[in-house]
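Down below is the structure, laid out as structure tokens.
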Amino acid sequence: MFDDLPPDLDRLQTLRTYHLLWVRRINAKIEALQRRQAEEERGRRDRPPPPEWIVELGIGTGRPPVQVHAGNCHMAGKRRRPVDRGEARRLLSTGLQACTHCRPDAQLHIIDLDVVSYGGSWASPGGDTASVLLTWIAEVAEEPLALEPGDRRVEWETNTWSLGAEDEDGRPLSAAEVVAAFEQTAAGIRERIRELGFSGVATFYVWHDVQAGQLRCSTGSVPPDELPFNGTYVVADHLGPVVEGFLADSMPGAVAWSDLDDAESHLEQAMTEPEITPLRVWTSSVGTSH
Ligand SMILES: [Zn+2]
């Protein structure tokens, strides 16, 4: 057998030391590489999720907002700013353009009735406007729900929705259909509150805002006689007359579900403007205690 190793112990010991040094260096490099790979992997895992909504910014002074996108939209440009749901809604309601690709307006239920009626791209569940709107009422039960007994403003801003009549075409909605839709929504919210394990009083309430020409609803952790209205209001026994008042007041056509207005100004309005005639509010207990 060919043997090129030195024959004496001294030189063998030297060679051994020399090669041990090499093995040590190779081991150190393997460890360093493995550590870096693990760090990269952890970085990928811990990276924050993409923002839910983003505003695409223009060029020039102040980088004016140009369009609202869903956070994962690949059509959004490089200049962008993440925004929360509330700000996305506010920006859209002040007329900022919604991306036609990801449709944040549809996702945030800020829909121009024209779009629903005539826009071909947005798939409506039922086809006709009236049933789309009834579906939207039902979907209030699926929307984010805040129950913060210590913060009425958060409850109001998160839970308040408005239904405005803007269309003259389409099948007229009957009060009975709208009442049934709201009752179903109340039942859905009641179920969710029970599942949330929220123990306390909660009220789902619907009223006709005459000034805005809108039917509105909200949920608060308050009893029916402590709703966050500043002016006087009376609790209506039946929702029917409230809805009828709205329908009679509005266009005779279908109605649009929209939350175009800034919830904060609603609260301001509700809290500062005295009602001339007492507001009629229909309430439904949705809490786990009464
Ligand atoms: Zn987009």
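Residues in the stretch 150-161 that are farther than 19 Å from N230 by Cβ and either loosely packed, with under 15 Cβ neighbours inside 10 Å or in contact with a strand residue (DSSP E or B) (Cβ under 6 Å, 6 or more places away or on another chain) (or both): G150, W161. Restricted to the stretch 166-182, and to residues there that are at pLDDT 80 or above and crowded, with 16+ Cβ neighbours inside 10 Å, the residue that is nearest to G245 (Cα to Cα) is A175.
Every residue, every condition in (1) assigned to a helix (DSSP H, G or I); (2) modelled with pLDDT of 90 or more, yes or no:
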| site | (1), (2) |
| --- | --- |
| M1 | no, no |
| D4 | no, no |
| T14 | yes, yes |
| T17 | yes, yes |
| I26 | yes, yes |
| T61 | no, no |
| H69 | no, yes |
| R90 | yes, no |
| H109 | no, no |
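Based on this model, can you work out whether D4 counts as under 30 Å from P144 (Cβ atoms), more than 16 Å from the ligand (Cβ to nearest atom) and of a type in the set (D, E)? Taking the combined requirement at face value, the residue does not satisfy it.
The combined condition, being under 18 Å from E143 (Cβ atoms), more than 14 Å from the ligand (Cβ to nearest atom) and surrounded by 12 or more Cβ atoms within 10 Å (Cβ to Cβ), is fulfilled by R90.
The values are calculated or read from the model by the stated rules, or taken from the named source; none is laboratory data. Nothing here was measured: the structure is a model prediction, and the numbers come from that model. Using ideal geometry, Cβ is built from the backbone for each residue, glycine included, and neighbour counts are taken over all protein chains shown.
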